[in-house]
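J.: Following this message is one structure expressed as structure tokens.
The values are calculated or read from the model by the stated rules, or taken from the named source; none is laboratory data. Owing to the predicted nature of the structure, the values given are computational and were not obtained by experimental measurement. Note that we place each Cβ from the backbone using ideal geometry, even for glycine, and neighbour counts take in every protein chain shown. Please note that ligands, DNA and RNA were not included when accessible areas were found on the heavy atoms of the full protein model with its side chains. Shrake-Rupley method; radii C 1.70, N 1.55, O 1.52, S 1.80 Å.
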Amino acid sequence: EVMVEHLQELYSFYGLERGVRVARKHIGWYTKGLRNSAMFRARMNTLESAEAQLEAVAQFFDGLMSVSRELEYDDEEEVALAA
């Protein structure tokens, strides 16, 4: 919910076209280290609209929550190597 609100503020502040580009890095920061997020982040960089980004974010987090009610993170060592 916090991330979606932040994204909407980015779209509002920067406008939709630039906001989508700026939002990509923020989405990456929010999801880095979350289990199975690398493919999601790569896909996010191909989306061209705010609607598509918001839908992808919802699907990603809905998928995570269907497996566990708590967010699961990759091994700390793997996260450090990816940085």
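J.: Tell me which residues, restricted to the stretch 12-23, are of a type in the set (A, V, I, L, M, F, W, C) and either within 12 Å of GLN53 (Cβ to Cβ) or modelled with pLDDT under 95 (or both).
T.: LEU16, VAL20, VAL22, ALA23
J.: Among the listed residues GLU1, GLU9, which satisfies the condition of being open to solvent by 30 Å² or more (accessible area, probe 1.4 Å), modelled with pLDDT of 95 or more and among the acidic types (Asp, Glu)?
T.: GLU9
J.: Yes or no: TYR30 out of contact with any Phe, Trp or Tyr (no Cβ under 7 Å at 6 or more places or on another chain) and open to solvent by 20 Å² or more (accessible area, probe 1.4 Å)?
T.: Considered against the rule, which asks whether it is out of contact with any Phe, Trp or Tyr (no Cβ under 7 Å at 6 or more places or on another chain) and open to solvent by 20 Å² or more (accessible area, probe 1.4 Å), TYR30 comes out as yes.
J.: In the stretch 1-38, what residues are farther than 13 Å from PHE61 by Cα and touching a His at 6+ places or on another chain (Cβ under 9 Å)?
T.: HIS6, LEU7, LEU10, ALA23, HIS26
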